[in-house]
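Trainee: Below is a structure I'd like to ask you about.
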Amino acid sequence: MFRCEKCLNEYTREFDACPMCGGKILPYEKQIDPVTANEIETAKQESEERAERRTKVLTSELAKIKSRLKQSNPVYLHNSFYVTIDSEVEAGGGIRNFNPFDDSRVTKAGLDGWRVVGVAPRTNGSALQNYEGFAKAWAGGIGGNVVGVYVMMEYELTEANLQESMSIIEHVLTTAYKL
């Protein structure tokens with residue numbers, strides 16, 4: 001780093017003179033605030049601990065998977081994602097359209113060996129209130145309008161597809177263990 005000795009502006013490269021005031025540009029080493037240095041060190045340690053934990057979990061789980069497969073026991077990976085549907089809701093004299101239906105992720109996952117094993121609907125509802133004068137009270141609601149589904153997918157691991165499935169295994173384990 002470089003700094004003008006007159007106006008103290010900082011620059012990433014050296015100039016003959018400061019473009020702002022014409023002062024002399026001198027090299028200097030920027031000092032890190034001790035609090036910032038401590039925060040950086042703490043963040044670095046936390047990052048290293050997370051990486052170490054991630055490696056331990058992945059190694060341990062992969063060993064379990066390999067052991068189960070050698071014993072000819074089934075091993076399944078599960079994942080889920082959200083799919084919108086083309087639901088319509090009549091509201092205030094008009095119709096509210098939700099996102100259009102798009103099952104392309106399901107199709108692509110199927111081509112990669114995943115299969116659908118279940119769905120859980122996502123609904124949209126509205127609570128209603130009754131008003132009488134200045135008083136109001138909850139009065140129930142309108143609900144149960146399906147606006148999308150969470151699709152639960154399953155992928156069967158075998159000894160034959162284990163190596164080509166390593167990135168899938170890592171993704172599923174990372175998500176499941178929040179690594």
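Every number here is computed from the coordinates shown, using simple stated rules; none is lab data. None of the values given here were measured: they were computed from a predicted structure. Please note: Cβ atoms are built from the backbone with ideal geometry, for glycine as well, and neighbour counts cover all protein chains shown.
Trainee: Which residues make up the longest stretch of the chain clear of chymotrypsin sites (Phe, Trp or Tyr not before Pro) that lie in a DSSP loop with no more than 14 other Cβ atoms within 10 Å, not counting the sites? Don't skip to the end; give the middle numbers.
Mentor: On the way: sites that count: Phe15, Tyr28, Phe101, Phe134, Tyr177.
Longest stretch, sites excluded: 29-100.
Trainee: Among Leu69, Leu26, rank each residue by its count of other Cβ atoms within 10 Å, from fewest to most, as a rough exposure measure.
Mentor: Values: Leu69 17, Leu26 10.
Going from sparsest to densest Cβ surroundings: Leu26, Leu69.
Trainee: With a cut-off of at most 12 other beta carbons within 10 Å, and DSSP calling the residue loop, which GluC sites (Glu not before Pro) in the stretch 6-67 qualify? Please list them. Don't jump to the answer; show the numbers that get you there.
Mentor: Details: sites: Glu10, Glu14, Glu29, Glu39, Glu41, Glu46, Glu48, Glu49, Glu52, Glu61; in loops: Glu14, Glu29.
Qualifying residues, ordered by number: Glu14, Glu29.
Trainee: A further question on this structure: Can you tell which of Ile65, Ser47, Pro100 lies farthest toward the positive end of the dipole of the chain, using +1 and -1 charges on the Cβ of basic and acidic side chains (Lys, Arg; Asp, Glu)?
Mentor: Ile65
Trainee: At most 13 other C-beta atoms within 10 Å and a DSSP loop state: those are the exposed trypsin sites (Lys or Arg not before Pro) I care about. Give me the longest piece of the chain that has none.
Mentor: Details: sites that count: Arg13, Lys24, Lys30, Lys178.
Segment 31-177 is the longest.
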